[in-house]
Amino acid sequence: MRQSVSHIVIMLAAFVVLAFGSCTSRKKIVVPPQPKQFEWLTAHIDIEAEINGTTYQNLTGQLRMRHDSVLWASVSALGMEVVRLKMTTDSVWVLNRLEKNYLADPLELVSYAFGIPVSLPLVQNMLLGSSDGFAPEENQVVELKREEIKGVSAKIRFSDIKLDEPTNFPCKITSKMENLRFMGREEEQP
């Protein structure tokens, strides 16, 4: 009888160990990444765009911004910079190296020309694909539709994203404009 009691105790202990062992989950719980607010963002971008019927593929670039303060972008094709853009809360500068011209205007004038309200927070949110100004995820693709921007559609893929590392913006965009012609409205002759 003593032996049968010890067998029952051993079997009961084995049952308890197996029962508790099988109740624990072996699966890891994966928590989706939470959107991140940022002050500074630096990222590498790959772009495919269609502008007024012309398709541009294999464009690369750098995007740097300070949330609601400044946006700077440099776009390259075949390793050569073709466009540089700087946008602040009140002005926009575009340096077009291909056509050897530039644009330097207040945002109100750009809004009037496009027929849509243009602001720095709006452009930053469109580029980030977030209406809340959250940082994009690694390899996230943001799609800009023709309806949002007059005559422009684009796919932008983000990589090498760095957040909240203050960055220096490259040389002033205006220093590169000395030998270029002004695009847009006609300059007044003195």
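Figures for the structure shown
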read-out: Area accessible to solvent at SER153, 1.4 Å probe radius, in Å²; value: 30 Å²
read-out: Length-normalised contact order for region 41-170 - Cα pairs under 8 Å, 6+ apart - percent; value: 27 percent
read-out: Amide H within-cut-off set for THR167, under 5 Å, with H built and near neighbours excluded; value: none
read-out: Contact order normalised by residue count of region 45-121, Cα under 8 Å, 6+ apart, percent; value: 19 percent
read-out: Cα-projected label distance for VAL142 with ILE116, points at 7 Å along beta-carbon direction, nm; value: 1.4 nm
read-out: Whole-number accessible area per residue in Å² for region 54-99, which is evaluated in the context of all protein chains at 1.4 Å; value: 51 Å²
read-out: Residue-count net charge about GLN37 - beta-carbon cut-off 10 Å; Lys, Arg +1, Asp, Glu -1; value: -2
read-out: Cβ-Cβ FRET estimate between THR88 and ASP160, R0 fixed at 22 Å, reported to 0.05; value: 0.35
read-out: Cα gyration tensor shape for region 43-167, rounded if a/c is under 1.5, else prolate or oblate; value: rounded
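The values are calculated or read from the model by the stated rules, or taken from the named source; none is laboratory data. Keep in mind that this is a model prediction, so the values were computed, not measured. For neighbour counting, all protein chains shown are included, and Cβ atoms are generated from backbone atoms with ideal geometry for every residue, glycine included. In case anyone asks, the SASA skips ligands and DNA or RNA and just uses the protein heavy atoms, side chains included. Shrake-Rupley method; radii C 1.70, N 1.55, O 1.52, S 1.80 Å.
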